[in-house]
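Comments concern the structure below.
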Amino acid sequence: MPELETLALAVVRFAETIAWAVIATGLAQNALYLYQLLLAARALSQAPPVNQAALLWRRYAEAAPPITLMAPAYNEALTIVESVRSLLALQYPHFEVVVVNDGSKDETLQVLIDAFELHPVERHYDLAAPCQRIRGLYAAANQPRLLVVDKDNGGKADALNAAINLSRSPIVCSMDADSLLEVDALLRAVAPFVEDPERTVAVGGTIRIANGCKISFGRVVEVGVPRNMLARLQTIEYLRAFLMARLAWSRISTLTIISGAFGLFRRQAVLDVGGYSHGTVGEDMELVVKLHKHYRRLRKPYRVAFTPEPVCWTEAPETMAVLSRQRARWHRGALETFFRHRDMILNPRYGRIGVVGFGHILVVDVLGPIIEIFGYVLIPAFWLLGVLDIEYLWALLAVTFGFGIVISVGALALEETELRRFPNARSLAVLMGAAILENFGYRQINNFWRLRGTWQFLTGAQGWGKMTRKGFSSQP
Amino acid sequence: MSSLTLIWVVALVLIGAALAWMTALIVARFIKESRSTTRSAERRLIIQALSGLLRGQTDAVGALSPFVRRPQVLAEAILDFQGLIRGADQERAMVALRNLGLIEALEGRILDGSRDERLTSVEALAALGGEEVKAALRRAIRSKDPNVRMAAIKGLADAGAPPTPSRLLDYVGTGELAPSRIYAEVMRQAVASAPLEGLQALGRQDLTPLMRAMLLDALGRSGAYEAVPALAAAATDPDPDVRTAAIRGLGRLQHPAAAETLASALADQAWTVRSAAAEAVGAAGLVRLAPTVVPLLDDPEWWVRFRAGDALGRLGKAGRGLLEAAAADDARPVAQRAAERALAEGG
């Protein structure tokens, strides 16, 4: 039976190839994370964060450029007044808040009018960035920093474009209506625009999980650790994503995303690339990629910076159903941007952003989940068929988990060494437990969700899915 | 050692290292928590002593003196406290601190402290004021840390002793300072205190367009009318950013002698210059230039249309009359809309 032997040999070789490919991908990803960890540690040690808000004011207030905060709102009648009040109370010398009522079906506009005694006003503006029809503008003499824009519904990107059109500040700040900003968020994030005004076109900030924190009047007044395990795991995940990955990539000029929850942009630069793109769920990443592309093509020096200090807090999903929808959507958004700008992939014309930035997305986001899932399915199957050496498999798996734990703990260590925002040693111990635990199950299930995002992208699924939030009022 | 054993060793070392790291962090946090409590208590004591000093308590200086050996805590407390008081009270507190020998202690931290400590120390030093401090700040300019250098120069400028404009330009030329917005602020202070030297510096051949624009901006803000001819000359510079800065400067000086230059700038190729010129005409109240602003109401660039409408609104009856005429002119829909909005926004 030589044919059968040949077939068996081929199966064994195939199984080994798959196993090695999965292990190699895992190790490559971990090596990449380790590199990011080192880059982030270096960045933090060279520019340690300023803990005192008064010092920030002293250093930057005189030279701080005016900023427009752009707050899109859709059916936010219950929370919008508190959100706007907290925005108006930010510590920054020159800013205005432009709230865009994006065709809400509830009483969002009316509650704003009533709460702030607004009345219709005229303001000269240009439709430089495409947006739906603007129905009216509202302001009040006793709230000179506030402008409310009422417009036809068009989605978040459309609402942000409307706010950019209305803005007269050189810097605009994009955010979500439910983002909780630190009182000195603008002062912290504006630093790159003050220190390097010629080159800086965008600045991202660290987003943290608000679950478990004490919240009062739209502000996090006491940092805490989430009680919900899923939110706790996301706390570590956010530390890895922001404090490690984004800080590291900004350090080598390859940052391709600034979270939609908080980001500062040079207004003219956003207009030069046509504003936010419609028809994508990843408009935040899309904008940053467009900026890179624009400046690389012009061969003009530019900088997309990142501030490691927490500037914004957001509510994390606490159920698997909601989290899975969120992650699938994020992944779909990343893929949409990746393939929309596929000409940049590994293209030396775009320098590091094409080779490192897009190369990283290709390996980690596009291929990574697929290969890993292949591995999770095929390797046990091959083992059951008796074609893989289980001893080596366990050993290599242990190395992969070991790396994963080092990286998760490393991200937490960066936070503890440079920022120290968690309240006490106990909370640190709890989070360290989560840092270990996230490697056993959470990361793997995340890959399934991302794979679902890939499927949605391939099948052209649209929409955001139902995003259910508990709301901050019920926080301890 | 077999390859299998080696892989297991690597895995166990990684996991062991992570666990050790975690444990070390938790232990360090316990220690830091107790230190942080001590530090907060020290800062409270310093603030209490400084408040006592202002109330004339005789033992206040004695309460402060042990902290001279802890200059970092003292520096942080000074920066907190300084924001709360002004005038004679502030000076009294700072004199007492100077007499304690704090200048020397803070200078030591500028040399030996961590990056954060160096910066806080130089800022606290600047807060102390006095001639001795100025000398210490001048020495701090030689620091290897660019942030300390900038803070020292800013401290000198705030104390009314900025470097000369030419010296400031040198710092950027040699790469000792970056042309940040803080630097631009210091340049404004330097030129305001020595406008003639600022004018002389404008003649330097080594200035990049960015530095020339910064200097022109500072001259415009200085209020020195001697700068008008130089700004007018710079309004024909080949670089649009330089021309824009020159026109903005003329707008700030609001001198009638700039009228011809502004009239020419209204027709400049660069929209930033046209926009700045329209704004300057409005700010200077040059009513006779109002008719030359009107064509800008249908400029292809929105900012120019907006500034033109705004400028006409500021030019009294004549400007408002021209706006009303443009608003009624159906033949020029773009100008009509700009004029309508300017009239509505102007109230």
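The values are calculated or read from the model by the stated rules, or taken from the named source; none is laboratory data. Here the structure is a predicted model, which means the values were calculated and not measured. So basically every Cβ, Gly included, is an ideal-geometry build from the backbone, and we count neighbours across all protein chains shown.
Only one of B:Leu14, B:Leu19, B:Leu84, B:Leu97 is closer than 25 Å to B:Ala136 by Cα and within 13 Å of another protein chain (Cβ to nearest Cβ). Can you tell me which?
Step by step, each of B:Leu14, B:Leu19, B:Leu84, B:Leu97 is checked, and only B:Leu84 is closer than 25 Å to B:Ala136 by Cα and within 13 Å of another protein chain (Cβ to nearest Cβ).
Among the helices (runs of 4 or more DSSP H) contained in the stretch A:96-191, which hold 2 or more residues that are within 14 Å of chain B (Cβ to nearest Cβ) and touching a strand residue (DSSP E or B) at 6+ places or on another chain (Cβ under 7 Å)?
A:156-166
Test A:Val270 against the criterion of being at pLDDT 90 or above, closer than 23 Å to A:Asn51 by Cα and in a helix (DSSP H, G or I), and give yes or no.
No; evaluated as a whole, the condition is false for this residue.
Please go through the stretch B:224-256 and pick out each residue that is of a type outside the set (Val, Ile, Thr), farther than 19 Å from B:Gly285 by Cα and part of a loop (DSSP other than H, G, I, E, B).
Listed by number, the residues that qualify are B:Ala235, B:Asp237, B:Pro238, B:Asp239.
Suppose the filter is part of a loop (DSSP other than H, G, I, E, B) and in contact (Cβ under 8 Å) with a residue 60 or more places away in the chain; does A:Glu76 pass it?
Yes: the conditions hold for A:Glu76.
Every residue, every condition in (1) modelled with pLDDT of 95 or more; (2) of a type in the set (Gly, Ala, Ser), yes or no:
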{"site": "A:Lys156", "(1), (2)": "no, no"}
{"site": "A:Asn161", "(1), (2)": "yes, no"}
{"site": "A:Ile171", "(1), (2)": "yes, no"}
{"site": "A:Asp178", "(1), (2)": "no, no"}
{"site": "A:Glu182", "(1), (2)": "no, no"}
{"site": "A:Ala191", "(1), (2)": "no, yes"}
{"site": "A:Glu198", "(1), (2)": "no, no"}
{"site": "A:Val201", "(1), (2)": "yes, no"}
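Residue check, B:Leu4 against (1) surrounded by fewer than 17 Cβ atoms within 10 Å (Cβ to Cβ); (2) more than 10 Å from chain A (Cβ to nearest Cβ); (3) part of a helix (DSSP H, G or I), all met but one. Which one?
(2)
Select, from A:Val288, A:Val273, the only residue that is free of Cβ contacts under 8 Å to residues at least 24 places away in the same chain and assigned by TED's automatic domain parsing to the domain that holds A:Ala185.
A:Val273
A quick yes/no check of all residues on (1) in the same structural domain as A:Leu451 (by TED's automatic domain parsing); (2) within 23 Å of A:Thr280 (Cβ to Cβ); (3) of a type in the set (D, E, K, R); (4) free of Cβ contacts under 8 Å to residues at least 40 places away in the same chain:
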residue: A:Asp343; (1), (2), (3), (4): no, yes, yes, yes
residue: A:Asn347; (1), (2), (3), (4): no, yes, no, yes
residue: A:Phe358; (1), (2), (3), (4): yes, yes, no, no
residue: A:Ile361; (1), (2), (3), (4): yes, yes, no, no
residue: A:Pro369; (1), (2), (3), (4): yes, yes, no, no
residue: A:Ile373; (1), (2), (3), (4): yes, no, no, no
residue: A:Leu378; (1), (2), (3), (4): yes, no, no, no
residue: A:Asp389; (1), (2), (3), (4): yes, no, yes, yes
residue: A:Leu393; (1), (2), (3), (4): yes, no, no, no
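Could you tell me whether any residue of the stretch A:240-255 is surrounded by 20 or more Cβ atoms within 10 Å (Cβ to Cβ), within 14 Å of chain B (Cβ to nearest Cβ), among the hydrophobic types (A, V, I, L, M, F, W, C) and at negative phi?
No.
Before we move on, is B:Gln72 out of contact with any Asp or Glu (no Cβ under 9 Å at 6 or more places or on another chain) and more than 10 Å from chain A (Cβ to nearest Cβ)?
no
Conditions first: (1) assigned to a strand (DSSP E or B); (2) surrounded by 15 or more Cβ atoms within 10 Å (Cβ to Cβ). A:Leu87 passes all but one, so which condition is the exception?
It is condition (1) that A:Leu87 fails.
Among the candidates B:Leu215, B:Leu253, single out the residue that is touching a residue at least 24 places away in the same chain (Cβ under 8 Å), closer than 25 Å to A:Ala61 by Cβ and within 22 Å of the chain's Cα centre (by Cα).
The unique qualifying residue is B:Leu215.
Looking at this structure, is A:Val97 of a type in the set (A, V, I, L, M, F, W, C), farther than 30 Å from B:Ala18 by Cα, assigned by TED's automatic domain parsing to the domain that holds A:Gly402 and surrounded by 15 or more Cβ atoms within 10 Å (Cβ to Cβ)?
no
For the stretch B:306-313, check the following and say yes or no: at least one residue is in contact (Cβ under 8 Å) with a residue 40 or more places away in the chain and closer than 21 Å to A:Leu127 by Cα.
Taking every residue of the stretch B:306-313 in turn, none turns out to be in contact (Cβ under 8 Å) with a residue 40 or more places away in the chain and closer than 21 Å to A:Leu127 by Cα.
Out of B:Arg109, B:Arg29, report the one residue that is without any contact (Cβ under 8 Å) to a residue 40 or more places away in the chain, surrounded by 15 or more Cβ atoms within 10 Å (Cβ to Cβ), within 12 Å of chain A (Cβ to nearest Cβ) and basic (Lys, Arg).
B:Arg29
Which helices (runs of 4 or more DSSP H) does the stretch A:345-456 wholly contain that include 3 or more residues that are within 12 Å of another protein chain (Cβ to nearest Cβ), out of contact with any strand residue (DSSP E or B) (no Cβ under 7 Å at 6 or more places or on another chain) and modelled with pLDDT of 85 or more?
Of the helices (runs of 4 or more DSSP H) lying wholly inside the stretch A:345-456, those with at least 3 residues that are within 12 Å of another protein chain (Cβ to nearest Cβ), out of contact with any strand residue (DSSP E or B) (no Cβ under 7 Å at 6 or more places or on another chain) and modelled with pLDDT of 85 or more span A:390-414, A:425-437.
Do you know which of the residues in the stretch B:173-192 that are crowded, with 21+ Cβ neighbours inside 10 Å and more than 14 Å from chain A (Cβ to nearest Cβ) is farthest from B:Gly220 (Cα to Cα)?
Of everything passing the filter in the stretch B:173-192, B:Ala190 is farthest from B:Gly220 (Cα to Cα).
Does the stretch A:195-222 hold any residues that are aliphatic (A, V, I, L, M) and surrounded by 17 or more Cβ atoms within 10 Å (Cβ to Cβ), and which are they?
A:Val201, A:Ala202, A:Val203, A:Ile207, A:Ile209, A:Ala210, A:Ile215, A:Val220
Pick out the one residue from B:Arg86, B:Arg92, B:Arg115 that is modelled with pLDDT under 85, closer than 18 Å to A:Pro48 by Cα and surrounded by fewer than 16 Cβ atoms within 10 Å (Cβ to Cβ).
B:Arg115
With the condition kept exactly as written, say whether any residue in the stretch A:231-239 is in contact (Cβ under 8 Å) with a residue 12 or more places away in the chain, within 14 Å of chain B (Cβ to nearest Cβ) and either of a type in the set (Asp, Glu) or not in a loop (DSSP other than H, G, I, E, B) (or both).
Yes.
Which is under 22 Å from the mean Cα position of the chain (by Cα) and in the same structural domain as A:Phe217 (by TED's automatic domain parsing), of A:Tyr92, A:Tyr74?
Exactly one residue qualifies, and that residue is A:Tyr74.
Considering only residues that are of a type in the set (Val, Ile, Thr) and either under 12 Å from B:Ala105 (Cβ atoms) or crowded, with 18+ Cβ neighbours inside 10 Å (or both), which ones fall in the stretch B:60-83?
Correct list: B:Val68, B:Val73, B:Ile78.
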